[in-house]
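Student: Take this structure first; my questions come after.
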Amino acid sequence: MPESEIVDALTAVYGSDTRLSHVLAASRWSDATRQLERYRHGRILFAGDAAHIHPPLGGQGLNLGVQDALNLGWKLAATVHGWAPGDLLDTYQEERHPAAARVLHHTSAQRVLATPKLSEDVAALRGIFVDLLRLPDTNHYLAGMMSGLDAAGRVPDAELATGDGTTRLSALLRSGRGLLLDLTGDHPLPPGWSDRVDRVQAEPDHQLTESALLIRPDGYRCWAAGGGPLDAALTRWFGAPARDQHGSAADDAV
Ligand SMILES: Cc1cc2nc3c(=O)[nH]c(=O)nc-3n(C[C@H](O)[C@H](O)[C@H](O)COP(=O)(O)OP(=O)(O)OC[C@H]3O[C@@H](n4cnc5c(N)ncnc54)[C@H](O)[C@@H]3O)c2cc1C
């Protein structure tokens with residue numbers, strides 16, 4: 001990329017007083033926004049930039065791809081291990097396609113606002129946007145959206161006091177298993193799921209208002225105490241309970 005081109009671009013954005021001392025790295029990108037309609041074609045699944053690309057505005061691409069991988073990884077493992085409910089893999093498309101569509105929507109708006117050659121209309125829009133960005137609520141909203149941390153159902157990475165000491169929720173999920181987080185001691189794990197789901201008892205935490213949560217390996221809640229039977233949620237996300245040789249739900253299935 002010729003240096004004169006960089007100088008022209010910087011001058012257009014920051015004014016004629018701008019001086020370029022030296023260039024450490026330069027790359028060219030344009031807007032090639034597109035998204036696959038279907039992330040699954042039989043036994044082939046697409047994630048990351050293979051499924052969606054957008055201009056790098058806001059630095060969201062890597063995070064989006066990592067979250068695809070986290071969503072897909074445990075579902076693939078469940079399928080390989082043979083306990084996945086029939087439609088589990090298809091929930092990858094249902095959950096991740098809208099997440100990327102939202103980012104593409106957002107970067108399309110940023111592309112308009114960040115264009116170096118501003119028309120009068122876009123300059124007015126940018127001015128209003130800059131004003132809005134001074135409001136903490138707007139900042140909070142955009143930061144949540146750009147980081148993906150505002151996703152519905154995502155459980156905050158709370159610090160938890162357990163019988164084995166203080167830990168974070170993310171540390172409890174490192175096993176790649178489901179987690180029944182019991183914050184009152186009243187929620188045992190029904191027999192038949194202990195080969196896929198851990199139960200951890202912890203002190204109540206101000207970030208978690210429910211008395212118990214069932215959390216998927218990717219950190220999303222799939223049940224909360226008071227929201228219907230736990231067995232039904234376990235079966236929905238972790239498949240049928242393991243059975244012993246007498247046909248009863250196995251207590252210590254491996
Ligand atoms: C200029 C620019 C700046 C960016 N800045 C940011 C940023 O600040 N923050 C951010 O989050 N994101 C940023 N991104 C986006 C980010 O880089 C991508 O979203 C991310 O790298 C996608 O990761 P991926 O693993 O899906 O794909 P890739 O990183 O493209 O990895 C795919 C890999 O597969 C390999 N491969 C391809 N074909 C084959 C094959 N047939 N066999 C074997 N291997 C193969 C490729 O060589 C590559 O190593 C930026 C992108 C650009 C272009």
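Please treat every number below as a calculation from the coordinates, not as lab data. Computed from a prediction, not measured in an experiment: that's the story for all the values here. A quick note on method: Cβ atoms are made from the backbone with ideal geometry, for glycine too, and the neighbour counts reach across all protein chains shown.
Student: From the backbone phi of region 43-57, what are the Karplus-calculated ³J(HN,Hα) couplings (6.51 cos²θ - 1.76 cosθ + 1.60, θ = phi - 60°) in whole Hz, Gly and Pro given as x?
Tutor: 8, 10, 10, 10, 9, x, 4, 5, 9, 7, 9, 7, x, x, 4
Student: Sorted by packing (mean other beta-carbon atoms within 10 Å per residue), highest first, where do 105-115, 57-67 land? Display every interim value, and only then the final one.
Tutor: Details: 105-115: 14.9, 57-67: 16.8.
Order by mean packing, descending: 57-67, 105-115.
Student: Explain nothing, just compute: Karplus ³J(HN,Hα) = 6.51 cos²θ - 1.76 cosθ + 1.60, θ = phi - 60°, for every residue of region 169-176 in order, whole Hz, x for Gly and Pro.
Tutor: The phi angles translate into 4, 4, 5, 5, 8, 5, 5, x Hz.
Student: What does the highest-first list of 86-97, 132-143 look like by mean Cβ count within 10 Å? Working shown, then result.
Tutor: Details: 86-97: 15.6, 132-143: 11.1.
Most protected by this proxy first, the peptides run 86-97, 132-143.
Student: Can I ask one more? Residue by residue through region 4-9, what is 3J(HN,Hα) from phi via Karplus (6.51 cos²θ - 1.76 cosθ + 1.60, θ = phi - 60°)? Round to whole Hz and write x for glycine and proline.
Tutor: After applying 6.51 cos²θ - 1.76 cosθ + 1.60, I find 4, 5, 5, 4, 4, 5 Hz.
Student: Tell me the relative contact order for region 157-212 as a rounded percent, counting alpha carbon contacts under 8 Å between residues six or more apart. Intermediate results must be reported in sequence, preceding the final value.
Tutor: Details: 78 pairs, mean separation 22.1, N = 56.
About 39 percent, as a whole number.
Student: Long-range amide H contacts for A84: which residues qualify at under 5 Å (H placed 1.01 Å from N, peptide plane, sequence gap of 5 or more or a different chain)?
Tutor: Residues meeting the amide H criterion: T79.
Student: Give me the distance between the Cα centres of region 139-153 and region 52-131, rounded to whole Å.
Tutor: 11 Å
Student: Taking H as built 1.01 Å from N, whose amide H comes closer than 5 Å to the amide H of C222, not counting residues under 5 places away?
Tutor: When sequence neighbours closer than 5 places are left aside, the close amide H contacts are L214, I215, R216.
Student: With an 8 Å cut-off on Cα pairs and a minimum separation of 6 or more residues, tell me the relative contact order of the chain in percent. Don't skip to the end; give the middle numbers.
Tutor: On the way: 301 pairs, mean separation 38.2, N = 254.
Value for the chain: 15 percent.
Student: Now a separate question. Can you list residues from other chains, or at least 5 along the same chain, whose modelled amide H is less than 5 Å from the amide H of L160?
Tutor: Amide H neighbours of L160, under 5 Å, 5+ apart: T167, R168, L169.
Student: Compare the peptides 214-226, 29-41 by average per-residue count of other Cβ atoms within 10 angstrom and give them in order, highest first. Kindly include the intermediate steps, with their values, before the conclusion.
Tutor: Values: 214-226: 19.2, 29-41: 11.7.
Answer by packing, highest mean first, reads 214-226, 29-41.
Student: Please give the charge dipole size of the chain, origin at the Cα centre, charges +1 on K and R Cβ atoms and -1 on D and E Cβ atoms. Round to the nearest 20 debye.
Tutor: Details: 23 positive and 32 negative charges, 134 e Å.
Around 640 debye, computed over the chain.
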